Amino acid sequence: MHHDAALVYTMRDVLRFLAAWALVHESADEGWRAAVARGEGLAPGDLERGPDAFVDGLAALVDAEKERLKRELAGDGAGSAASAGGPDRRDADLTTALEALRFDLAELRGRIESLQASVDALHGERDA
Amino acid sequence: MSARGRTIAAVALRHGATAAWRSGLGLRPRAERRRAVARALRLACEALGPSFIKLGQLASVRPDLVSPETVFELERLQDRVPAVPVDAIREVIRRELGAAPERVFASFDPEPIATASIAQVHGATLAAPYRGVNGRLLAAGARVAVKVVRPGVARLIAEDLTLARRWAERAERIGWLARWRPNALLREFESSLARELDLRVEGRVGDRFAFDFADDALVMVPAVVWTHTTRSVLTSEFVDGWLLSELGDAERAGIDARALATHGAEVFMRQVLVHGRYHADLHPANLIVTRDGRIGYVDFGIAGRTTPPQRRAIAQVLVATAYGDADRALRASRALGLEVPEAVEPALRSGVARLMRAHLARSPADVRGFVTGFLGLLAEHRIAIPEGYGMLVKALVTVEGVARAIDPDIDLLEAAKPFTTRLVADQLLRPERLRERLPAALRAALAELVA
């Protein structure tokens, strides 16, 4: 009996502790969401208004990044991974570099085609 | 003096005399005098032909070189010249591409689509398929626009430039004229003209623009057919659609022109603030609304560049302008090369603040009014306008004008916000900046949590 009562008290303590932990998180979560909402409402230049505005702005930026990370983890595919700044940043950077290089190569091909057209025209003129 | 020299002198004298008469022999108010001179300059350019029309057009995007009145007057330069006979155009194509146009293309229209001082454009169709630099395939039979430099124009410009060089040398020795650095100015114009006369440069700028906006489904840039492009011939995809002057037809066909105008303003801001390359001559004739509801960009002859530090400074200027903060706008302008002597700073600051209240503290903001006033202020205080700055503000005003003609409620500063926010935030979140600010921010965050 005594043993059961001790167990009840212990359980209550654990529950109380967990409730306190949940409450802290709930409060922090509400504070966070409020900061994000305030941050989203900021206009360009407002970030420099002071520390509070800076934290709110930072919260909004972090939240936007978090949403992108969530989408990426949900497996939106390569497109969203490339646009995210998360773990696949390296892949995204490589894709961008590859696209830029591919463009440079194609541009070079264009220049060569144009020069070839001029060379062919001069050949034609000489032969005529 | 050569015959051409005598012609130029006679035209300059005639229009100079008219300007003097219209400005009441210098007795009328300053603004009126400037307008009279600007008008005479435009008419003289029109009378003197290709090189002067081109010079005028180049000057019209450079408020750092000429007064605001001249800039806005030169915008109206009529680049209407009689068409070159098609046989002369055929000869240029034969010389440049090695065969007559009828052999190079599946078909070639003898009637030009457009004629201007430097070049003339003819329609044609491709004889064989071609894959453009950006990967798009143009099928055989695809319609293309063939831009051909007018025969003899390069020689005429070279002759005019030889004369101009001699005059610039003399002007350099005359005190009040030397202030305008005629030799340096001429060299700048020469290199701009050389770029304009080499159509490959325009083709490359267009390809790069298409690459920058490959992810934007509403932007259309004609693909260049490089196998049919040389220094004097530029062959590119034909952009079929409506000119901005025919928007009524476009809207009747179900195109949302207002949405396109808003998007066009955002595209411009993205060019300037993200890519650092922008179309600096976005007047209505260079924009086409395509049949499938996209914005077609053509004629990349005049383009501007912005470096990363300049982009950050421009973002700061735009943010400061949006918030009516004259002090911050001037501070950020320094990073763009604007040198304000200490003695005139207070007067300039209060002048800018006054202009901001008059033109920007309303919705939509009147960027043109602000810019015109600001350039006038700089001229009044004899402050030199840096080259990039001048070209950019002029491009900004042109874009606003084009967008406003479609939707009078468009606010360019609003269109810039997403890009300026990102640039300013990136700047604020730099590690060194964070290290500097984090302790105070953390203290504030902890205080909030404890509360």
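Tabulated results
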quantity: Charge context of B:Glu96, other residues only, Cβ under 14 angstrom, K/R +1, D/E -1; calculated: +3
quantity: B:Met269, B:Met220 arranged by Cβ crowding within 10 Å, fewest neighbours leading; calculated: B:Met220, B:Met269
quantity: Order of B:Leu330, A:Leu94 - criterion: other Cβ atoms within 10 Å of each residue's Cβ, fewest first; calculated: A:Leu94, B:Leu330
quantity: For B:Ala142, distant residues with modelled amide H under 5 Å away; calculated: B:Leu126
quantity: Among B:Ala164, B:Val148, B:Asn134 - extreme Cα towards positive end, dipole of the stretch B:68-180, charges at beta-carbon; calculated: B:Asn134
quantity: Cβ neighbours within 10 Å from other chains - mean over B:223-231; calculated: 5
quantity: Gyration tensor (Cα) of chain B, equivalent ellipsoid semi-axes in angstrom; calculated: 39, 32, 20
quantity: Set of lysines near B:Lys54 by C-alpha distance (under 24 Å), chain-local residues within fewer than 8 positions excluded; calculated: B:Lys147, B:Lys394
quantity: Using θ = phi - 60° and Karplus 6.51 cos²θ - 1.76 cosθ + 1.60, couplings along the stretch B:19-24 (whole Hz; Gly, Pro as x); calculated: 4, 4, 5, 5, 8, x
quantity: Given charges at Cβ of Lys, Arg, Asp, Glu: the protein assembly as shown dipole, positive-most of B:Val267, B:Gly241, B:Phe108; calculated: B:Phe108
quantity: Check: the stretch B:180-266 dipole with +1 on Lys, Arg Cβ and -1 on Asp, Glu Cβ, in debye; calculated: 480 debye
quantity: Using θ = phi - 60° and Karplus 6.51 cos²θ - 1.76 cosθ + 1.60, couplings along the stretch B:125-136 (whole Hz; Gly, Pro as x); calculated: 10, 6, 7, 9, x, 9, 9, x, 4, 8, x, 6
quantity: 5 angstrom amide H check on B:Ala280, placed H, neighbours 5+ away; calculated: B:Ile302, B:Ala303, B:Gly304
quantity: Shape category assigned to the stretch B:210-287 from the gyration tensor of Cα positions, a/c cut at 1.5; calculated: oblate
quantity: Residues of type lysines that A:Lys66 reaches as a straight line, Cα spacing below 28 Å, ignoring anything fewer than 8 places off in the same chain; calculated: B:Lys417
quantity: For A:105-117, mean number of other protein chain Cβ atoms within 10 Å; calculated: 6
quantity: Other-chain or far-sequence residues with amide H under 5 Å of B:Arg181's (modelled H); calculated: none
quantity: Karplus-derived 3J(HN,Hα), 6.51/-1.76/1.60, for each residue of the stretch B:347-353, Hz, glycine and proline x; calculated: 5, 5, 4, 5, x, 5, 4
quantity: Longest exposed-site-free window of chain B, the sites being trypsin sites (Lys or Arg not before Pro) in a DSSP loop that have at most 12 other C-beta atoms within 10 Å; calculated: B:180-361
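Values quoted throughout were computed directly from the atomic coordinates according to the rules given, and no laboratory measurement underlies them. On a predicted model such as this, the values are computed, not experimentally measured, just so you know. Note that each Cβ is placed from the backbone with ideal geometry, even for glycine, and that neighbours are counted across all protein chains shown.
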